[in-house]
Structure formats: structure tokens, C-alpha cells
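As C-alpha cells, the structure follows; a few thoughts come after it.
The values are calculated or read from the model by the stated rules, or taken from the named source; none is laboratory data. Note that the coordinates shown come from a computational prediction; the quantities given were computed from them, not determined experimentally. Here the Cβ positions follow ideal geometry from the backbone for every residue, glycine too, while neighbour counts run over all protein chains shown.
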Ligand SMILES: Nc1ncnc2c1ncn2[C@@H]1O[C@H](COP(=O)(O)OP(=O)(O)OP(=O)(O)O)[C@@H](O)[C@H]1O
Ligand SMILES: [Mg+2]
């Protein structure tokens, strides 16, 4: 009965009830929208980084990570590669030889890491080939060995496709070595810092130049991202002498970003819930004060305070129960729609590129957030009508009936 | 039976002291049809509120049946009102979102009466006040007189010991006033229901079987006809 009266009471002032319902629904929508865009952004950054340069797993010789010497190559390379190629979980592997080098053109000079790669294998691991403007991924070349540099580096060196470039470094014996390369293509990923630091040459060219066989790094991409950590364990137990890191270990900042997001999201949610609480306190307080006489009458004829209290609480519960599904459903539609179509951020593409993001954002929302937000909203709604409800209990029936 | 002894009521908000009742002694027996009259500000409402347990006396006792309600806690008073006293106020009697039937049923729901009992009694009471054809109307769809009749039916629903009505006809035209009084009078005659009501209206006073006049918080006269 109390519940029924409460439900009827909320429709006495339809406009006000709808304002509150809309506010709650918008609160849910806003909260979930922020969470889904933030998750989308961070996932995009992760995928981007994994796809362009991190890969799922990287293997190095432990000494290479410690000293970075040229001859610290992976010593079980053949075994490892055979093992990886046999595994069904692995989508692609790419061995790389890495040399820190000066790079020099007629127009300028800079420091880079020369990555010796096998273009065919690299294609299966990163999408670097797709980032090249001329579509020549170290494949078509004449006498001089080919090199691919980034747009950023090209600008710095004042170089173009066909520009001849000189790379110089010291080998493991301390002997200075110089290689001449011809730029065959120019790439640009969404990470400008990475771009500036990396150039790509053919693996055999760099092996010849350094007189070093093997490689320093094997990048691995799996079919399923969620198998990464488990597969890493598997590899570690198999090849205990290698240093094997997953993308989380290689680029911890990608994980930190998640933690930051969590913090920001929590703060944001608190703000939304506070706004919500404020709105409900106000509305319900108005609803109570407006009905002083009626509430006074109810207490006078024998409705006890517990029932009056619950009647008011139920009124907000109903508001929240109507608003909750509304907010959740609209969010669900929006997240699904934009999750498919994406949100166009091309107006800010330039800025986004520099922090490793693309210009189309796909919001992602874990199901658990629907539950969390719904619970939060309902708790907030109930908590924030306790004060107005207590106010109703303080009413003195004799007084309220007297004041005309 | 209602027994009021040495009741005083002083309102004191720190600045102004108002002695609304100054030593009231009165006994109201079952089956009475009693009017409390007096000029504005004489203390009629205060007295009815104290008898009805809506307000507590500053001094003195109010004994209803066996219970001294001056000694009850706030929550005990609410329960006591629910089970022993029927109220009809001047206005704001009904729950606006409920129909006439639901308004009458309301107190029985608070008393946890069975659905069968509620249905039977609601129908009977609405018939007794002549509203059997209005049971599904909301208060704002009824006239002031009809609303007051629903209020009387509602007051009776909880099977109270007596009914208190503070100026129940103040907002009614003369036809509705006469009609409401007829109903109250008949309930008093046929069911022996005790009514205590305050009024300014001479036509209402004329119908009372006992008239208690108060002035300045004291009983000036007590006339049984
Ligand atoms: N809460 C209060 N605080 C202070 N004084 C009050 C309060 N309630 C009533 N009074 C005073 O007590 C006195 C008696 O008031 P009461 O309402 O009982 O008179 P009444 O006979 O019912 O008058 P009316 O015919 O106008 O309804 C009046 O002087 C009134 O101003
Ligand atoms: Mg009065």
C-alpha cells in the first residue's frame, strides 16, 4: 500500500519527476560515456602500440638488455624460432638485429636505431608496411641496400625517397663502420617519438655490415591477446636463459595509462553521483515541504513514522528505477552504435597522433560497469532521500494541520 | 469515555507565552453528540488536539477508556490514534492520489485487516455516507461535501472509540453542511458512535445534544439538551 501510494505520488508533479528521472538517466549516461570513451582510448593506444612497435611478446638475450652490446645476440635462436613456428598460438614472429647508429644525409644528421628486419616476417608482426607511403617495404631496390626512414626523420635529414644516406657506428671490436643506404620508402606511425628513433634496413644487409649473425630481438604476435601472459610463462619455462617480456612489461606506460584512467573515472563518477545526490535531495525536500499538510494528516490519523519514512524512500527508489533502465538502455544503444561506427576525432588528429592515438575512437564498455553504475545510482538515490524523509518525520501533526 | 482533568496548555516560544487552555475539566461519555463552541482563539482546536493525542497537555491528564494518553510516547500515541480515535479535519483529509474507496481502506491497511474485511467495511461505510456510486473517484473529482463524507467514512473505518471533528463544515455550503450533519447524527443514533466536534456555525450548534462553550481557555458553560 505504502509502495503503491509512493508510486502514485511521484506522478503528482510530472514535470518535476521527469526532470529528476532525466537527471539520473543523464548521470548514468554521462558516467558510462566517460568510462567507455576512456576505455576505448586506452585500448586503442594499446592496440596501436602493439600493432606498430611493441608486439605481444619480445625475446632478448639477458645480456643484451643489460649491456646492449652488438654481440649479445640471442644464443638459442634456431631452437626458439622452431618452437615458436610450431606453436598454434603464434601468428607471426620477426627476428631483428638492432644497431645504434648515426644517420647522415647531405641535409642533416641524427641518431637512430637501425633495425635489420626480414620484410616478409615483419609484415606478419607489425603493420609497418602499411604505414609506408610508396608501398616499397624494402623489397624493390638496385645496387645500394635499401632503408626506410620515418617522415619525421626525413624532414630532419631533408631526405626523400631515393636520397642516399650514410649510417655510421662502432662495431663490437671498436672499429668504426659506415654503411651507405638508399631511402626506398618513408613511413609514419601514430607514435612520433618511435618514428624519430627508428629506421629499417634488410636483416642480411645489417648482418653483413656488422659481421654478426643471428638477431637481438624476436618479436612475437599471437592470435589472441588474452593468451599473452600464459604463453609468456610457457616460453620462460622452456627458455629460461632468455629475457621474455609481454607488452605490459615492454611498455609499462600503456598500463599506467589504465591506472590513471581508473583514477580519473573514479573521480568523475564521484562528481556525477554528488550532482545526482544534490538534485534528489532538493527535489525530494521540495516534495516533502509541499506536502506538509498531507503528511501531517497521515501521521495524525495513525500512519507511523516508519511507514512515512519508507513512503518517501520508495518515491526516490521509483524515480531511480525508472531512470536507471532509461540511462542504461540509452548508453547501451550509444556504445553499441559508436562501437561499430566509431567517433570521428579527425578534427584533433594531429594532436592525437603525437600521443599514439588514431582519429576514430571506438568506445568500449565492460558489462560490469552497467552493474556498478546502476548500483551506485540506486544507492545514491536512496541515500540522498534519507534527509528529506527524516525531515518528514520531524513534522508535528498538530502544527501542520493548524497552519492554513 | 473521555476524561479530561485539570488540563492546561501553554505555548511558549521563548518570546511569547500563550495560555491556550487554563484548567479544563470535562467528561464525555460514549454515545454523546457534543459541540465545542467559542470565539476564535478560545482554545477549541487546542482542546480537540489534546483529546485526540495530537498534542500533549502542559499539565493535567487525558484518560481515554483506561489509557492516560498524557503519558504515552510519540510512537505509542500514533498507534493509539490509529486504533482508538477517528479524525475529521476541516480540509486536507484525504490522500489525493487515492480513490474514495482506497482512502477509506487506508486505515484498515495500516491495521493489517484482511482484504475481505476491508472490502466489506469500505462498501458498507461508503454506502452509509451516501457515496456508493463514487467509490472510484479521486478527491479532486468530488465536491467539498462529498470529500468530507469520505473523511467521515474513513474515520469510522478503523472502528474508533469516538470521532473528533475540528470545524468539519467550515468549508461547506449550507446544503452540504446539513447533509454531513444528517449523516453524523444518524451514525450517532444508529451506531451509537460518539462525536465531538468544534464549530462556529449556529445551525451546527443547534443539532448538538451537548454544547460546551469555552472562552479564554476555560469552560464557560456546559449545556446538555
Ligand atoms: N503553536 C502555537 N503557538 C503559539 N500559540 C498558539 C499555538 N497554537 C495555538 N496558539 C494560540 O492558542 C490559542 C488557542 O488557539 P486555538 O487554535 O485552540 O483556538 P480556536 O478556538 O481553535 O480558534 P479558531 O476558532 O480560530 O480555530 C490562540 O490564542 C492561538 O493563537
Ligand atoms: Mg480552531
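Details
- Matching option when the condition is without any contact (Cβ under 8 Å) to a residue 60 or more places away in the chain, buried (at least 22 other Cβ atoms within 10 Å of the Cβ) and over 30 Å from residue B:8 (Cα atoms), among B:149, B:154: B:149
- All positions within segment A:309-330 that are surrounded by fewer than 20 Cβ atoms within 10 Å (Cβ to Cβ) and within 14 Å of chain B (Cβ to nearest Cβ): A:309, A:310
- Filtered by the rule that a residue be surrounded by fewer than 18 Cβ atoms within 10 Å (Cβ to Cβ) and either more than 13 Å from chain B (Cβ to nearest Cβ) or part of a loop (DSSP other than H, G, I, E, B) (or both), segment A:286-303 gives A:286, A:289.
- For residue B:224, the requirement of being away from ligand 2 (no atom under 16 Å from the Cβ) and more than 14 Å from residue B:34 (Cα to Cα) is not met.
- Scanning segment A:351-395 for residues that are at pLDDT 80 or above and either in a loop (DSSP other than H, G, I, E, B) or not assigned by TED's automatic domain parsing to the domain that holds residue A:337 (or both) returns A:362, A:363, A:364, A:365, A:366, A:394, A:395.
- Subset tally (residues that are near ligand 2 (Cβ under 9 Å from one of its atoms) and in contact with a strand residue (DSSP E or B) (Cβ under 7 Å, 6 or more places away or on another chain)) for segment B:30-45: 4
- Test: residue in segment B:148-159 that is more than 16 Å from ligand 1 (Cβ to nearest atom), more than 30 Å from residue B:65 (Cα to Cα) and part of a loop (DSSP other than H, G, I, E, B): no
- Search result, residues across segment B:78-100 that are in contact with a helix residue (DSSP H, G or I) (Cβ under 7 Å, 6 or more places away or on another chain), more than 7 Å from chain A (Cβ to nearest Cβ) and buried (at least 22 other Cβ atoms within 10 Å of the Cβ): B:86, B:88, B:94, B:100
- The set of residues in segment A:156-204 that are crowded, with 21+ Cβ neighbours inside 10 Å and part of a loop (DSSP other than H, G, I, E, B) comprises A:159, A:189, A:190, A:191.
- Restricting segment A:120-143 to residues that are touching a strand residue (DSSP E or B) at 6+ places or on another chain (Cβ under 7 Å) and part of a helix (DSSP H, G or I), the residue that is surrounded by the fewest Cβ atoms within 10 Å (Cβ to Cβ) is A:124.
- Some residue of segment B:185-199 being within 16 Å of ligand 2 (Cβ to nearest atom) and either part of a helix (DSSP H, G or I) or more than 16 Å from residue B:163 (Cα to Cα) (or both): no
- Count of residues meeting criterion [within 16 Å of ligand 2 (Cβ to nearest atom) and either part of a strand (DSSP E or B) or more than 23 Å from residue B:83 (Cβ to Cβ) (or both)] in segment B:46-62: 1
- Some residue of segment B:107-127 being assigned to a loop (DSSP other than H, G, I, E, B), away from ligand 2 (no atom under 16 Å from the Cβ), within 14 Å of another protein chain (Cβ to nearest Cβ) and under 23 Å from residue B:204 (Cα atoms): no
- Checking each residue in segment B:63-75 for being over 17 Å from the mean Cα position of the chain (by Cα) and either at pLDDT 95 or above or more than 10 Å from every other protein chain (Cβ to nearest Cβ) (or both) picks out B:66, B:67, B:68, B:70, B:71, B:72, B:73.
- Pairs meeting the criteria (first residue in segment B:2-20 and more than 14 Å from every other protein chain (Cβ to nearest Cβ), second residue more than 16 Å from ligand 2 (Cβ to nearest atom) and assigned to a loop (DSSP other than H, G, I, E, B), beta carbons under 8 Å, at least 6 apart or on different chains) are B:7/B:57; B:8/B:57; B:8/B:58; B:10/B:58.
- Counted residues, segment B:10-24 - those being near ligand 1 (Cβ under 8 Å from one of its atoms) and under 23 Å from residue B:66 (Cβ atoms): 0
- Filtering segment B:58-75 to residues that are surrounded by 20 or more Cβ atoms within 10 Å (Cβ to Cβ) and more than 16 Å from ligand 1 (Cβ to nearest atom) leaves B:64, B:69.
- Restricting attention to segment B:25-57, the residues being over 15 Å from residue B:162 (Cα atoms), away from ligand 1 (no atom under 12 Å from the Cβ) and surrounded by fewer than 22 Cβ atoms within 10 Å (Cβ to Cβ) number 3.
- Helices (runs of 4 or more DSSP H) fully within segment A:1-113 counting 2 or more residues that are more than 14 Å from every other protein chain (Cβ to nearest Cβ) and touching a strand residue (DSSP E or B) at 6+ places or on another chain (Cβ under 8 Å): A:14-49, A:62-67, A:77-86
- Taking segment B:64-93 as the range and being farther than 30 Å from residue B:171 by Cα and assigned to a helix (DSSP H, G or I) as the test, the residues that pass are B:69, B:70, B:71, B:74, B:75, B:76.
- Some residue of segment B:165-179 being surrounded by 16 or more Cβ atoms within 10 Å (Cβ to Cβ), within 16 Å of ligand 1 (Cβ to nearest atom) and not in a loop (DSSP other than H, G, I, E, B): yes
- Scan of segment A:1-18 for residues that are loosely packed, with under 15 Cβ neighbours inside 10 Å and within 21 Å of residue A:379 (Cβ to Cβ), ordered by number: A:3
- Exclusive hit being within 16 Å of ligand 2 (Cβ to nearest atom), touching a residue at least 60 places away in the same chain (Cβ under 8 Å) and within 14 Å of chain A (Cβ to nearest Cβ), set B:215, B:167: B:167
- Among residues of segment B:24-44 that are on the phi > 0 side of the Ramachandran plot, those with a Cβ under 6 angstrom from a residue that is part of a loop (DSSP other than H, G, I, E, B) and within 16 Å of ligand 1 (Cβ to nearest atom), sequence gap 6+ or separate chain, pair up as B:43/B:217.
- Condition met for residue A:181 (modelled with pLDDT of 90 or more, out of contact with any strand residue (DSSP E or B) (no Cβ under 6 Å at 6 or more places or on another chain) and closer than 24 Å to residue A:53 by Cβ): no
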